[in-house]
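What follows is a short report on a single structure.
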Amino acid sequence: MTRRRTLIFIVYAPALLGNDRRALNSVHGMEKALPGLRLEWRLSEGGRPIALSQRDAWLVESIEDGGFPLVCNGDESYPVTVWGMGRSGLFSAGGQDQFEVHAKLPLGEPAITAAANVLEGMAEGACAFWGRVLPNGVAAEMAQQVRHSVDQPHAPPRGLPALNLPSHIRSPAIPHHLGWLNYWSAAAADAIGFPDPARDADLLSRSRRTASGGWVVQLTDAPLDLDNPAHLDALKRAYERFPEIGGRAAS
């Protein structure tokens, strides 16, 4: 069997405080963005979906260690999943504890069409600093950009720039890396210097503001494909334009 291709969504937000409704709001944001989506199932130990009659209350009560357990749409032929996790400030940008929301959608026309809205819904619901969307295969390859030791030589794939570990990035508002779709809060946009009308005309043609004053920015018309020279070039240009991303610019 071939591995299912997916779109992977991640948003990074301030740490949850107690039964913080931002966990639930991020799930609601996804549901509003994708018509007909109801994330009202949990998974059994064997991986089978179990309906949640009081999903909202269950999810808020299940917040633990700064995150929430996986919920899904209950459709094994078209699985949509979302979960949250806490990340210690020891491993996070700016040394601050964070809340991450992760989601996966099958890669296909429905997800591609709704992806920007799903990312925005998740990010605004979580009051995120930043977030991104990547196809699963591209995400795995781009993870190789991260330099794990400043004392060892590092050659990222495809001539992409080396990125620093999150713990070496000075502010939680600075994105760790780029995606096909990017959510930049107002703080993140300010930290990286976006937008500059003189330099960002192409990106602005594929961008929109959010209700909170952030931005959803799309690098390429179709999901990022590193085997496509035009896509790879667009990614490299964006990294050159925003040297702060990945902690590459001097503080």
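Some observations on this one:
- Angle in degrees between helix 22-33 and the longest Cα principal axis of the chain, rounded to the nearest 10: 90
- By the compact-protein rule of thumb, 2.2 N^0.38 Å, the alpha-carbon radius of gyration of the range 142-222 corresponds to a ratio of 1.23.
- The separation of the range 104-168 from the range 176-251, counted between C-alpha centres, amounts to 12 Å.
- Distance histogram for the range 67-113 (every C-alpha pair counted, 10 angstrom bins, percent rounded to whole numbers): 24, 36, 25, 14, 0
- Fraction of antiparallel bridges per DSSP, the range 120-251 only, in percent to nearest 5: 85
- Relative to the longest principal axis of the Cα atoms of the chain, helix 109-126 runs at roughly 90 degrees.
- The HN-Hα couplings worked out from phi for the range 77-89 by the Karplus form 6.51 cos²θ - 1.76 cosθ + 1.60 (θ = phi - 60°) are 8, 8, x, 10, 10, 8, 8, x, 8, x, 10, 4, x Hz, whole numbers, x standing for Gly and Pro.
- Per residue solvent-accessible surface (Å²) - the range 63-156, probe of 1.4 Å: 43
- Mean residue ellipticity at 222 nm, helices only, the chain: -8000 deg cm²/dmol; runs of at least 4 DSSP H residues each add -39,500 (n - 2.57), and the sum is divided by the number of residues.
- Computed in the context of the full set of protein chains, the accessible area of the range 34-191 at 1.4 Å probe radius has 52% of its extent on carbon or sulfur.
- For the range 76-150, radius of gyration divided by Kirkwood radius, i.e. Rg to Rh on alpha-carbons: 1.00
- Of all beta bridges that DSSP places with both ends in the chain, some 95 percent have antiparallel geometry.
- With K and R counted +1 and D and E -1, the other residues having a Cβ less than 12 Å from that of Gly67 yield a net charge of -3.
- Sorting Ser53, Ser26, Ser44 on solvent-accessible area from highest to lowest, probe radius 1.4 Å, gives Ser53, Ser44, Ser26.
- Acute angle (nearest 10 degrees) that the helix 229-241 long axis makes with the longest principal axis of the chain, alpha-carbon atoms: 70
- Volume in Å³ per residue [convex hull over Cα atoms, computed for the chain]: 141
- Estimated Rh, the range 1-127: Kirkwood, alpha-carbon pairs, angstrom: 14.8
- One compactness figure for the range 73-202 is 1.14, namely its Cα radius of gyration divided by 2.2 N^0.38 Å.
The values are calculated or read from the model by the stated rules, or taken from the named source; none is laboratory data. Being a predicted model, the structure only gives us computed values, none of them experimental. Glycine gets a Cβ as well: all are built from the backbone with ideal geometry, and neighbour counts include every protein chain shown. What goes into the accessible areas is simple: the full protein's heavy atoms, side chains included, and nothing from ligands, DNA or RNA. Shrake-Rupley method; radii C 1.70, N 1.55, O 1.52, S 1.80 Å.
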